[in-house]
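For reference, the structure is listed below as structure tokens.
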Protein chains: 2
Amino acid sequence: MAARRFIAITGGVGGAKLALGLTQLLAPNEISFIVNTGDDFEHLGLHVSPDIDTLVYTLSGQSNTETGWGRRGETWQFMHALREFGGETWFNLGDLDLALHVRRTQRLREGATLTAVTRELAAALGVGYDVLPMSDAPVRTMIGTPAGELAFQHYFVRDRCAPTVTGFRFAGADSATISPQIVDRLTDPALAGIIVCPSNPFVSVDPVLAVPGMRKLLAAAGVPIVAVSPIVAGLAIKGPTAKMMTELAIPNSAVAVAAHYRDLVDGFVVDVQDAALEADVAALGLRTVVAQTVMLSLADRKQLAADVLQFVRHLNK
Amino acid sequence: MAARRFIAITGGVGGAKLALGLTQLLAPNEISFIVNTGDDFEHLGLHVSPDIDTLVYTLSGQSNTETGWGRRGETWQFMHALREFGGETWFNLGDLDLALHVRRTQRLREGATLTAVTRELAAALGVGYDVLPMSDAPVRTMIGTPAGELAFQHYFVRDRCAPTVTGFRFAGADSATISPQIVDRLTDPALAGIIVCPSNPFVSVDPVLAVPGMRKLLAAAGVPIVAVSPIVAGLAIKGPTAKMMTELAIPNSAVAVAAHYRDLVDGFVVDVQDAALEADVAALGLRTVVAQTVMLSLADRKQLAADVLQFVRHLNK
């Protein structure tokens with residue numbers, strides 16, 4: 001299998017955990033990551049790409065395990081001074097983290113693509129894996145609420161996911177295009193499988209799928225596509241997935257997530273706590289496997305990655 | 001004299017010292033500062049205004065006395081991370097300092113004038129004095145060298161003033177305009193005098209004078225204008241003034257500075273160490289006073305301010 005390649009679609013923290021597990025088992029020429037940029041935003045004049053950064057910090061061992069987000073060894077002098085100057089402080093930008101945003105913004109203004117800049121920044125932190133933004137064009141996840149639409153970070157960070165969610169819109173998606181790098185990876189004859197990480201289906205994975213041509217390209221790859229449930233025992237491991245499902249009148253269960261993905265994926269990974277639901281998922285026409293998807297340790301991440309890869313290989317037979 | 005107003009023209013660190021002295025003696029409604037913005041520049045996508053910041057940090061008690069520039073209590077996490085990402089690191093931007101540049105840049109992009117933004121930032125640090133950029137339009141000091149022109153900060157910081165100076169150009173000056181705030185202050189009937197601080201004549205004061213109409217407005221004010229020599233005993237207290245004068249084949253002396261200003265000023269303050277030169281300055285047609293212009297302590301700053309104000313008042317009689 002040495003020459004086989006995999007692709008993983010990922011969003012924030014949950015997805016990055018499995019991504020880290022995958023890099024424990026696969027070399028940079030064996031796995032590429034397609035990352036959600038729907039929650040990117042311009043803040044304080046800087047281009048911030050939260051999901052890309054989460055992945056890059058995670059893969060480089062730079063993620064802040066105390067906060068669960070941002071960079072390790074972070075300090076907050078900038079935010080302290082910004083508060084004094086009356087700047088917006090609802091989105092925390094650490095002093096170290098800021099360098100990444102300033103550098104990215106500068107390179108984008110110079111005309112570099114987000115894909116190229118991401119490659120540079122990841123390389124600077126020693127990450128040799130493909131970290132591929134879903135598009136170089138801006139696609140922005142908008143959260144529908146009874147009081148009107150909110151930009152994703154306003155909903156997620158500023159308003160702490162408090163507003164009731166009524167729907168989603170991916171602004172800019174219509175005119176976005178898939179990057180040549182992603183097309184290249186998805187049409188690679190060595191491609192052996194595609195993994196949808198346990199990220200939020202609505203605001204981490206759906207934005208990726210909203211880029212015109214992405215679903216078609218994924219299907220045309222002709223390889224097994226498997227998703228890992230981000231819902232375990234009716235709860236989201238992290239983030240607002242379960243809350244969103246309740247508000248959207250979707251049952252909070254792995255089965256509902258599987259149903260959401262049924263047109264996309266061939267296989268679905270159910271957590272051991274939800275083993276009883278395996279038959280319901282199978283009834284959707286999906287192949288299933290039961291695994292421990294809750295990743296507390298690095299060993300957990302590696303084990304889940306191994307289980308997912310084995311599942312993909314099994315589906316390939 | 002309570003209702004009389006003064007204006008001081010200032011550049012970097014030397015000018016800010018006298019400015020601080022003046023604020024020890026005068027209330028915010030009694031003194032306004034016109035500040036050089038010729039050494040402003042765009043760096044890492046941020047609008048940096050070194051002379052404005054030096055003055056604001058000095059007047060707010062936030063200046064870093066260890067480094068002689070920047071903000072006290074500064075940290076350098078951002079620069080550390082930026083180096084890692086391959087960003088330009090020749091211009092040091094501290095974590096605290098960065099907040100000021102990010103906020104300024106954001107406000108300018110929102111359409112605020114540099115004058116308005118400076119007022120906001122100064123107020124945030126408790127500075128109620130007028131800190132007036134010489135123009136809201138970009139004027140950029142270019143340093144002529146045998147190898148071609150250098151942007152000011154490239155000459156001053158990146159190249160540490162090493163290149164030989166052959167001349168100066170103030171790019172953009174032709175189309176710059178004086179801000180309404182400066183016009184207001186210079187046409188105030190209560191104006192009693194104008195002070196040219198001991199800043200570099202070529203790259204701190206001349207850019208201010210290069211804004212179209214500035215010389216005329218200063219002259220039309222009809223009040224005494226006095227300059228304080230930045231050259232003492234043939235040396236610049238700080239910065240490249242003396243080196244520049246040598247390279248431009250101008251004698252390194254207070255007399256040469258006085259000659260440079262003779263069409264602008266009525267009076268000239270000579271340092272006690274240069275008392276012997278007083279007659280030569282007077283021979284240029286200028287009124288003179290001898291004072292201790294080297295400001296090591298706050299008491300020195302206050303004393304020089306008092307001497308300068310007394311000189312102006314004397315010339316007003």
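Checking the structure you have, find out if any residue of the stretch B:121-129 is within 8 Å of chain A (Cβ to nearest Cβ), closer than 27 Å to B:Phe170 by Cβ and either assigned to a loop (DSSP other than H, G, I, E, B) or out of contact with any Leu (no Cβ under 7 Å at 6 or more places or on another chain) (or both). No.
A:Thr118: away from chain B (no Cβ under 12 Å) and either surrounded by 24 or more Cβ atoms within 10 Å (Cβ to Cβ) or assigned to a helix (DSSP H, G or I) (or both), yes or no? Answer is no for this residue. With respect to A:Asp39, is the statement that it is within 14 Å of chain B (Cβ to nearest Cβ), closer than 24 Å to A:Phe152 by Cα, within 18 Å of the chain's Cα centre (by Cα) and acidic (Asp, Glu) true? So A:Asp39 does not fit the description; no. In the set (1) in contact (Cβ under 8 Å) with a residue 60 or more places away in the chain; (2) closer than 24 Å to B:Ala99 by Cβ; (3) in a loop (DSSP other than H, G, I, E, B), A:Tyr57 fails one condition alone, (3).
Scanning the stretch B:80-91 for residues that are more than 8 Å from chain A (Cβ to nearest Cβ), assigned to a loop (DSSP other than H, G, I, E, B) and of a type outside the set (A, V, I, L, M, F, W, C) gives B:Glu88, B:Thr89. From the list B:Ala116, B:Ala112, B:Ala176, B:Ala99, the one residue that fits, being closer than 30 Å to B:Ile7 by Cβ and touching a residue at least 24 places away in the same chain (Cβ under 8 Å), is B:Ala176. For the residues B:Gln77, B:Gln106, the requirement of being facing chain A (nearest Cβ under 7 Å), over 22 Å from the mean Cα position of the chain (by Cα) and either closer than 25 Å to B:Pro180 by Cβ or basic (Lys, Arg) (or both) singles out B:Gln106.
In the stretch A:267-317, what residues are of a type in the set (S, T, N, Q) and assigned to a helix (DSSP H, G or I)? A:Gln273, A:Gln303, A:Gln310, A:Asn316, listed by residue number. Residues that are in a strand (DSSP E or B), buried (at least 23 other Cβ atoms within 10 Å of the Cβ) and either at pLDDT 95 or above or at positive phi (or both) do occur in the stretch B:183-193, at least one of them. Scanning the stretch B:222-266 for residues that are in a strand (DSSP E or B), modelled with pLDDT under 95 and touching a strand residue (DSSP E or B) at 6+ places or on another chain (Cβ under 9 Å) gives B:Ile231, B:Val232.
Taking the numbered list (1) touching a Phe, Trp or Tyr at 6+ places or on another chain (Cβ under 6 Å); (2) touching a residue at least 60 places away in the same chain (Cβ under 8 Å); (3) of a type outside the set (Phe, Trp, Tyr) in turn, B:Ala227 passes all entries but (2). Restricting the search to the stretch A:131-156, which residues are crowded, with 23+ Cβ neighbours inside 10 Å, of a type outside the set (A, V, I, L, M, F, W, C) and either in contact (Cβ under 8 Å) with a residue 60 or more places away in the chain or part of a strand (DSSP E or B) (or both)? Within the stretch A:131-156, A:Pro133, A:Ser135, A:Thr141 meet the criteria.
Which residue out of B:Ala259, B:Ala291, B:Ala299, B:Ala279 is farther than 23 Å from B:Lys216 by Cα, surrounded by 13 or more Cβ atoms within 10 Å (Cβ to Cβ) and hydrophobic (A, V, I, L, M, F, W, C)? After applying the criteria, what remains is B:Ala291. What number goes with the only condition from (1) more than 14 Å from chain B (Cβ to nearest Cβ); (2) of a type outside the set (S, T, N, Q); (3) surrounded by 21 or more Cβ atoms within 10 Å (Cβ to Cβ) that A:Gly167 does not pass? Result: A:Gly167 passes all but (3). When the criteria are applied in full, B:Leu96 meets the requirement of being farther than 25 Å from B:Ala171 by Cβ, within 12 Å of chain A (Cβ to nearest Cβ) and either in contact with a helix residue (DSSP H, G or I) (Cβ under 7 Å, 6 or more places away or on another chain) or assigned to a loop (DSSP other than H, G, I, E, B) (or both).
The set of residues from the stretch A:58-74 being more than 9 Å from every other protein chain (Cβ to nearest Cβ) and surrounded by fewer than 16 Cβ atoms within 10 Å (Cβ to Cβ) comprises A:Gly61, A:Thr65, A:Glu66, A:Thr67, A:Gly68, A:Arg72. Quick check on the stretch B:46-57. Is at least one of its residues over 24 Å from B:Phe170 (Cβ atoms), modelled with pLDDT of 95 or more and within 13 Å of chain A (Cβ to nearest Cβ)? Within the stretch B:46-57, one or more residues are over 24 Å from B:Phe170 (Cβ atoms), modelled with pLDDT of 95 or more and within 13 Å of chain A (Cβ to nearest Cβ). Reported count of residues in the stretch A:85-106, each being charged (D, E, K, R) and at pLDDT below 95, is 1.
The values are calculated or read from the model by the stated rules, or taken from the named source; none is laboratory data. For clarity, every value in this text was computed on a predicted model and none was experimentally measured. Reconstructed Cβ throughout: ideal geometry from the backbone, glycine too, with neighbour counts over all protein chains shown.
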